[in-house]
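Engineer: Here you go, one structure.
Nothing in this text is a laboratory measurement; each read-out follows from the coordinates by a stated rule. The model shown is predicted, which means the values in this text are computed figures rather than measured ones. A quick note on method: Cβ atoms are made from the backbone with ideal geometry, for glycine too, and the neighbour counts reach across all protein chains shown.
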Amino acid sequence: MGGKHSSTGSSAPAEESAARGEAAPLAEAEGGSLTNHLLIAMPTLADPNFAQTVALICEHTDKGALGIVLNKPLPMKLSDVLSQMKLEPSSEHIAAQPVLRGGPVHTDRGFVLHRPGGQWDHTHKVSDSIQVTTSRDVLAAMARGEGPSDAFIALGYAGWESGQLERELRDNAWASMPVDPRVVFELPFEERWAGAWRLLGIDVDRLSPEAGHA
């Protein structure tokens, strides 16, 4: 499923665009871009990388797609990431912030998702309400307690090569919906998958083959 075979595929242009701080151009001829959409794993999606996940699609063109999983915390905290970058958190609250597993590709790469605000070296604008920054300066600001609002870090990303995401959607691996910032910034991580389904008007317990009361 998405990301396992795409580290050498189409994600690179998106990643490079983010690294340059540019908003990557959408493929206008595509017409069906899912940039700024949420992918919601169907209950039948068994791939351990993506089972019961919600992913934010940061870029989707005819060359492929790049997304960040929003609901899988890692067994580490922000202090662990900061220490690797020789940064010191200014408070215990900052040190204890969770870190997400953004996907199976380049799991050593950090992506900070945040609301607009501040001037950072390498920022990719997903929408008017969501940005992704990949430069060290935003982490340094977060360590000082001066980072952008509602910011959190994900390590790694999910990538799909050209046509792969479209095939997975046709195969009913995913549902999709326009981004609701509440899912990205407000819902507790453990509630995001079911919460996204609720926004679609669906009780996921009734969909899930594993639910005893379906």
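Engineer: Report the Cα centroid-to-centroid distance between the range 175-192 and the range 99-166 in angstrom, as an integer.
Structural biologist: For the range 175-192 versus the range 99-166, the Cα centre distance is 16 Å.
Engineer: According to a simple spin-label model (label point 7 Å from Cα along Cα-to-Cβ), what is the distance in nm between Ser33 and Ser129?
Structural biologist: 1.9
Engineer: For Arg136 and Glu88, compute 0.36 nm times the residue count separating them, minus their Cα-Cα distance, and round to one decimal in nm.
Structural biologist: Computed gain between Arg136 and Glu88 is 16.0 nm.
Engineer: From the Cα gyration tensor of the range 33-142, with a ≥ b ≥ c the square roots of its eigenvalues, which class applies: rounded if a/c is under 1.5, or else prolate if a/b is larger than b/c, or else oblate?
Structural biologist: oblate
Engineer: For the peptides 149-155, 187-193, 91-97, what is the packing order when you average, over each peptide's residues, the other Cβ atoms within 10 Å and list the highest mean first?
Structural biologist: Those peptides, ordered most packed to least, come out 149-155, 187-193, 91-97.
Engineer: Charges at C-beta only: +1 for Lys and Arg, -1 for Asp and Glu. How large is the resulting dipole of the range 132-200 about its Cα centre, in Debye rounded to 20?
Structural biologist: Rounded to the nearest 20 debye, it is 20 debye.
Engineer: Right, here's the next one. Mind jotting down a quarter of the surface of the convex hull over the alpha carbons of the range 101-214, in square nanometres, one decimal?
Structural biologist: The orientation-averaged projected area of the Cα hull of the range 101-214 comes to 8.8 nm².
Engineer: Let me ask something else about it. So how much slack lies between Asp205 and Ser162, counting 0.36 nm per residue of separation and subtracting their Cα-Cα distance, in nm?
Structural biologist: In short, 12.2 nm is gained.
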